[in-house]
């Protein structure tokens, strides 16, 4: 219910009566938000792909013995581990 009310508050501020009937200002605001989100999604994908490549470079340079030692002695957890990869 709260989401419905907050959505109508936002909509009434984007699609204002003084902009009727074509709502050019309101549509421009929404298109700008969509464009920003597309850029944000692409940037996020590029960032995580870059991070995976960095970890691959470090991991591939290690010998099998170094990998075993790292896996058995590391205190790194979650996405801080060298063998962790972000889903792509």
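Worth a mention:
- Test result for residue 55, assigned to a helix (DSSP H, G or I), in contact (Cβ under 8 Å) with a residue 24 or more places away in the chain and either out of contact with any strand residue (DSSP E or B) (no Cβ under 8 Å at 6 or more places or on another chain) or surrounded by fewer than 10 Cβ atoms within 10 Å (Cβ to Cβ) (or both): yes
- Residue in region 21-36 that is surrounded by fewer than 12 Cβ atoms within 10 Å (Cβ to Cβ), outside any helix (DSSP H, G or I) and at negative phi present: yes
Quick note: the coordinates plus some simple rules give every number you see, no bench work behind them. Because the structure is predicted, anything quoted here is derived from the model rather than measured. Heads up, the Cβs are rebuilt from the backbone with ideal geometry, glycines too, and the neighbour counts pull from every protein chain shown.
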